[in-house]
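Working notes for the structure below.
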Amino acid sequence: MRLRARELVPTGILILTIAAVYCAAGYVGMLQQVRDGEVSLLWPTPGIALAALFLFGQRVWPAISIGSFLISVLAMDHGWGVSLGVAAGTTIGVLCAYMLLRRVGFRVELDRLRDLVALVVFGALLGTVIAAVIGVGALSMADTVIPSNFWSRWLLQSLSAAMGVLIITPLLLVLRTARWPRGVRLVRTLEAVVLVGATVAVMLITTRTSTELLFLVFPLLIWAALRFQLAGAAPLALIVSTMAVYGAINGSGPFEGQDVYSNLITIQAFNASTTLTALVLAVTTTERNQAHDEVEEAATQLASVVNQLDRSLRPRSVTLAQGVRGAAVAERRVVRERIEGANGPSGPN
């Protein structure tokens, strides 16, 4: 894509800004590392990269390479060659996901179930698998990863990146249209506040008690999806996943006493279940509301057309009726005159 001279400076600033946000998210992801820093439970950078491509276009792809390279060199202490391989894998994986999503007609509004399915298949699965294969392959070639651990490292890295796409990308796509609501009733605002507060309270309790109570958060996610659609489901999914990851890292509550691998599997399964539940319900509710609005609009248009036809045809029908009545009266008059003429008045002879 060619850029005009006057667009170079704004585009450069945008690329550097996205790269800085990417690096900051990478540092946050590194706080969740387990297994001696091998993998993070939730790696948010792929979600940020994919959302940036949809929000600002393909021109910002260098930001992904720059951010990934800086995180690998500065934060993970990898060599320049390994960091270049990791950055290349991340960029290729995200670009492949972006192009495939564009190919299947993905809409950033995420108001169709097919858009969510495409995001899961091409964004969270295929794109992260490609990036993990190239990245872990670069680490293996540099003897940073033991060959026997290649597939386990690849699987864990793919899962953490997939969670980043599922949780972060929908949230950022929702924020692009976020506006301060006007004319919203106080009850509606209080409902949103209570929902967020209840979610935080439930997660604080369930991640600090040894009893398996994490499932208690599902009714709150369903509530958010049904009442607020994606605008409510995406932020709550992030809150739930972040607090669950924090509990797993600290080994508290239901994660206490489990080995690292068990915690990894448990937290990824939990995050996937909660996020997909919230997103699927939100998208299907949005589709249902749109279908209802379309039916109402079609009914309104049909009623308007019927009224117009009625007004346009009414004068003609009145004139026609009057003409029919007049013709009938004239015909009766002619018949009566003929009868009277045939009988004739009788007179004297």
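The values are calculated or read from the model by the stated rules, or taken from the named source; none is laboratory data. Predicted model only: the values in this text are computed from it and were never measured. Positions of Cβ are generated from backbone atoms using ideal geometry, with glycine treated the same way; all protein chains shown enter the neighbour counts. Protein only, heavy atoms only, side chains kept; ligands, DNA and RNA dropped before computing areas. Shrake-Rupley method; radii C 1.70, N 1.55, O 1.52, S 1.80 Å.
For region 13-27, the Karplus equation 6.51 cos²θ - 1.76 cosθ + 1.60, evaluated at θ = phi - 60°, returns couplings of 5, 5, 5, 5, 5, 5, 4, 5, 5, 4, 5, 4, 5, x, 5 Hz by residue, with Gly and Pro reported as x. Residues of region 218-232 falling in the label zone of Val117, defined by backbone nitrogen less than 20 Å from a point 7 Å along Cα to beta-carbon, are 230.
Heavy atoms only, probe 1.4 angstrom, no DNA, RNA or ligands counted: give me Val295, Val196 ranked by accessible area, highest first.
On the way: Val295 100, Val196 60 Å².
Largest to smallest exposure gives the sequence Val295, Val196.
Let me check against my output: what whole-number percent is the relative contact order of region 1-137, with C-alpha pairs under 8 Å and at least 6 apart? It rounds to 22 percent for region 1-137.
Rolled with a 1.4 Å probe across the full set of protein chains, the surface gives Ser312 an accessible area near 60 Å².
Here the Karplus relation 6.51 cos²θ - 1.76 cosθ + 1.60, evaluated at θ = phi - 60°, turns the backbone of region 228-245 into coupling constants of 10, 6, 5, 5, x, 6, 5, x, 5, 4, 5, 4, 4, 5, 4, 5, 5, 4 Hz, with x for every Gly and Pro.
Per-residue surface analysis assigns Thr128 an accessible area of about 10 Å², computed on protein heavy atoms at 1.4 Å probe radius.
Here the extension length gained between Phe215 and Phe56 equals 53.5 nm, from 0.36 nm per residue of separation less the Cα-Cα distance. If the segment from Leu226 to Arg311 were pulled out straight at 0.36 nm per residue, it would be longer than the present Cα-Cα gap by 26.3 nm.
The order of Thr284, Thr169 by accessible area, most exposed first and with a 1.4 Å probe, is Thr284, Thr169.
For Ser252 and Trp80, the FRET efficiency from 1/(1 + (r/R0)^6), where r spans their Cβ atoms and R0 equals 45 Å, is about 0.70. Based on alpha carbons, the Rg and Dmax found for region 54-122 are 14.5, 43 Å.
Grab the Cα-Cα distance for Leu8 and Arg208, subtract it from 0.36 nm times how many residues apart they are, and report the gain in nm with one decimal.
Numbers: separation 200, 0.36 × 200 = 72.00 nm, distance 5.12 nm.
The span from Leu8 to Arg208 would gain 66.9 nm if fully extended.
Hey, what did region 61-175 get for relative contact order, percent, Cα under 8 Å, at least 6 apart? Don't skip to the end; give the middle numbers.
Numbers: 118 pairs, mean separation 30.8, N = 115.
This gives 27 percent for region 61-175.
To the nearest 10, the accessible area of Asp293 is 90 Å² with a 1.4 Å probe.
Applied to region 96-106, the Karplus parametrisation 6.51 cos²θ - 1.76 cosθ + 1.60 on θ = phi - 60° returns per-residue 3J(HN,Hα) values of 4, 4, 4, 5, 5, 5, 5, 5, 8, x, 4 Hz, with x for Gly and Pro.
Under the convention that each Lys and Arg Cβ holds +1 and each Asp and Glu Cβ holds -1, the size of the dipole of region 1-103 around its Cα centre is about 620 debye. What size of dipole, in debye to the nearest 20, comes out for region 174-233 about its Cα centre when the only charges are +1 on Lys and Arg C-beta atoms and -1 on Asp and Glu C-beta atoms? So the dipole magnitude of region 174-233 works out to roughly 400 debye.
Could you work out the Rg to Rh ratio of region 218-271, with Rh taken as the Kirkwood radius (inverse of the mean 1/r over all Cα pairs)?
Details: Rg = 12.9 Å, Rh = 11.9 Å.
Radius of gyration relative to Kirkwood radius: 1.08.
Inverting the mean 1/r over all pairs of different Cα atoms, compute the Kirkwood radius of region 17-100 and quote it in Å. Value: 12.8 Å, from the Cα pair sum. The accessible-area ordering, largest first, of the residues His78, His292 stands as His292, His78, per a 1.4 angstrom probe.
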